[in-house]
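This report concerns only the one structure given below.
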């Protein structure tokens, strides 16, 4: 059993699960693996869902999530609650990892993944039941995205989920870079309005 | 000639905010825009507003279960590393534990007077929000935080800091309320950058005017302004010349004080 030599009270796994993410991060920072496991359990589905949506390949998505979580654990990086929830922070890291993975691939592969229906192409992982609050959030974000003009939602999806740069998107759609940036900006601004009070969007703030 | 609006500096243009929060700038553009945001309140405000939207986007992905074997792989590494870390801490707490870094005497750097910086700073090429990931690959081992009694001045407490740069080390020498940070084998902060010391009591790190660079051998000694009384941690990040009011990068040095 992992013991803590610097006075950290050892907590049972059950006791840890009642702690808020922010409290767990304090323990993670001190090297408590059990606390990290609780963080992993809480956010790995969301992290894997994002990575899988972006990478379109189960193996690559697994690598991305593994790298992301291990880097959180190893780097001792400080979670700053002023910048959003732990989930937002975890997903931000996974998003960046996935972008890196996608940009390392050849342009050919990248184009294929971003253009095809990612889910249908592969043996889809098991759908997961998400709690009601998350389902509501997902529905709101979906709706906000779908209400955008197609040209705006497309560039947002190609950028965020496809990992493409604005230059690549401009080339793909045969449009000036400025047009692409403008569509992204307009689209995000409209989504912000549709999602209402940022406090409601922000996860567990 | 028509009277046109002056050409807006491309980097500083607010039209980069959306691709920035979506992760759609190239690496170079991202770095340049990160610097711009630090000095432009208008862009900073828009980044904050649109980042909330970007943070909500993962919810639009179909929600699937992470494979069980993935958890096994991740947690096997985590528990193994936790055991190693604990073993290392035990070893450092043993009587043979030797104070590290205490005698290093790098030149004291004047606050707000960073010297010309050299070196490509390869290790700092990551973007701010990529820091965690990219840095981890470079981490060889985390120095454990250990408290020992210093061998130099009576009553001096030497705190080994966590350093996220391979081979580098740092220690905090605390005597009374005063504290001095000694770093060794640190790379240069990189072109146009400087190291900044932060004080963390609880929550957000507070900036100090202690900015420093390291000498050619990678050493530096810097006082922690205001001492460490009541602090939880002393942090060091790499920041643009002149320092920042909020950290823009993940700390490279973390010294637990409390």
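Here, each number is a calculation from the coordinates, and none is a lab measurement. Small disclaimer: the values here were computed from a predicted structure and weren't measured. Methodologically, a virtual Cβ is constructed for each residue, glycine included, from the backbone with ideal geometry; neighbour enumeration extends over all protein chains shown.
Using Cα centres only, tell me the gap between segment A:32-57 and segment A:128-171 in whole Å. Each part reduced to its Cα centre gives a spacing of 20 Å.
At a 10 Å Cβ-Cβ cut-off, how would you order A:43, B:30, fewest neighbours first?
Arranged by neighbour count, lowest to highest, A:43, B:30 become B:30, A:43.
Over all residues in B:208-214, what is the mean tally of Cβ atoms on other chains that come within 10 Å of each residue's Cβ?
Working: counts 0, 0, 0, 0, 0, 0, 0.
Rounded to a whole number, the mean comes out at 0.
For the pair residue A:18 and residue B:178, a Förster radius of 51 Å applied to the C-beta separation gives a FRET efficiency near 0.80, rounded to the nearest 0.05. Counting neighbouring Cβ atoms within 10 Å and putting the fewest first, the residues A:25, A:191 line up as A:25, A:191. Note on residue B:80 and residue A:59: the model spin-label points, each 7 Å out from Cα along the C-beta direction, lie 2.1 nm apart.
Ordered by the count of other Cβ atoms within 10 Å of each Cβ, fewest first, B:202, B:223 give B:202, B:223.
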